[in-house]
1. Show me the helices of the chain, taken as full DSSP H stretches, that run 15 Å or more along their long axis by Cα and average 0.5 or above in Kyte-Doolittle hydropathy.
2. Just give me a number: lysine pairs in region 144-378, eight or more positions apart or cross-chain, with C-alpha atoms less than 16 Å apart.
3. Which of 169, 396, 415 moves the most in a Gaussian network model of the chain with Cα springs under 10 Å?
4. Quick one: order 376, 130, 319, 237 by neighbouring beta-carbon count within 10 Å, fewest to most.
5. Toward the positive end of the charge dipole of region 144-378, about the Cα centre and with charges on Cβ (Lys, Arg +1; Asp, Glu -1), which of 335, 223, 195 goes farthest?
6. Rounded to the nearest 5, what % of the DSSP beta bridges within region 101-256 are antiparallel ones?
7. Below 8 Å between Cα atoms, with a sequence gap of 6+, how large is the relative contact order for region 208-358 in percent?
8. Per DSSP helix of 4 or more residues, -39500 (n - 2.57); summed, then divided by the residues of the chain. What does that give at 222 nm, rounded to the nearest 500?
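Every number in this text was worked out from the coordinates using simple rules, so none of it is lab data. Predicted, not measured: the structure shown is a model, and the values here were computed from it. Positions of Cβ are backbone-derived with ideal geometry, glycine not excepted, and every protein chain shown enters the neighbour counts.
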Amino acid sequence: MSTEKKLFIKTYGCQMNVYDSERISDALIPAGYTVTTDETQADLVLLNTCHIREKAAEKIYSELGRLKQLKLKKPDMKFGVAGCVAQAEGQEIINRQPMVDFVVGSQAYHRLPEMVKSVDEGGKPVEIDFPTEDKFDHIIRSKAKRKLPSAFLTVQEGCDKFCAFCVVPYTRGAEVSRPAQKIIDEAKQLVDQGVVEINLLGQNVNAYHGQGVDGEWSLARLIRELAKIDALKRIRFTTSHPNDMDDDLIAAHGDTEKLMPYLHLPVQAGSDKILKAMNRHHTAEEYLKVIERIRAARPDIALSGDFIVGFPGETEEDFQQTLDLCEIVRYGQAYSFKYSTRPGTPAAEWDQVDEAEKADRLRRLQTLLTKHQMDFQLSMVGKTLPVLLEKPARDPGQLVGKSEYLHAVHMDAAPELVGTIVQAKVTRTERNSLGAKIVTG
Ligand code: SAH
Ligand code: SF4
Ligand code: F3S
């Protein structure tokens, strides 16, 4: 083992990247690295990147420009680019920014120890294959006590759906599910490290179909088995596709107490014409039927979604149908974006909607979504909710935790209560959080 070196990782994009960044640091521990949160102290700076929209990808180059200043002060500092921009652009990143020492695609993190060794020997490796072996199989998980009582656990990667706007099938490859036993073992290890809430991740997590002891397991089966782990109190999953919401998963929302009443189910648009052009393979009505069935199984479920406005061909009338759909569903939370052309995806070649029009539609949609979010938060005031306390809040003496519906909840609480679930009465609602008082602790 070499002398201790410091690794700084900056993570962009989705929760799968957050999980990957943890595993990247696990992979580099045997190569002599420890993680630092101070970039100026780092021997190796790694950007774990996102390619989903143009802005996200361009951010990486401006960040590399900024990091050049650090390199001037510390010439030995090494730089790596990981994640979805790495996967999409490969060698091009080094051509554009020669300061970068290596590029590692999203499925090759187990190769990192060899790659940093090659960098130390003067190489500039680029690894963007989709290897047949599972990257996670070759990375030993750190056994250190977890800082947070909530953790992500990737169960499925990649996507075969090829929505006409999306880079994920190209940056993450084909859909692959991890074997069920590996997930259960990892969940047990997380619980031993102090975790009480696990969020199962996948680009299409409800398409999970991993090998179990008695054949293929669905996500519902996996959740039911995980729920048997005593000290695990809460289970969540994200992100789901409407076409993969099977009966058993819907039923699990009604009968599996540890499965939280929150579902992120992106629809993207409310117009059937646009949904078809997007290659989503469902209509607005079919989506609403799924929502109805979920609400029948779990009436208090909080729904969340993603929306794209200004997709090629979207007229004002199509956009109105998105607003109409939101009025019907009344999401507790939602994410909305202007359509961004992505190289290599079909929709990039089509006639584009005017930028100013996109901006106007986004503003109108966000006004409506915010109103629904506020209404939902307001409906919590006066209620007593179980809250998992997670960490100190910005205000001294306060902790912040999560409601079952994924609200951030602030309250006065002793630091020892981190990791416990308390009953708290909601006293106020703010823009993106709730305030509460502990009823029992
Ligand atoms: N697998 C998930 C989404 C992954 S990407 C699903 O199928 O829903 C996360 C979100 O980014 C998408 O839901 C979509 O709303 C948004 N997004 C993806 N590509 C985009 C693009 N080209 N322009 C704008 N938003 C995009
Ligand atoms: Fe992208 Fe569509 Fe796959 Fe989601 S389902 S990751 S939006 S291609
Ligand atoms: Fe971005 Fe890759 Fe996630 S493109 S959203 S980091 S899968």
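1. none
2. Number of lysine pairs found: 9.
3. So, out of 169, 396, 415, the one fluctuating most is 396.
4. Lowest count first: 130, 376, 319, 237.
5. Among 335, 223, 195, the one farthest towards the positive end of the dipole of region 144-378 is 195.
6. Around 35 percent of the beta bridges assigned by DSSP in region 101-256 are antiparallel ones.
7. Contact order relative to length: 20 percent.
8. -10500 deg cm²/dmol
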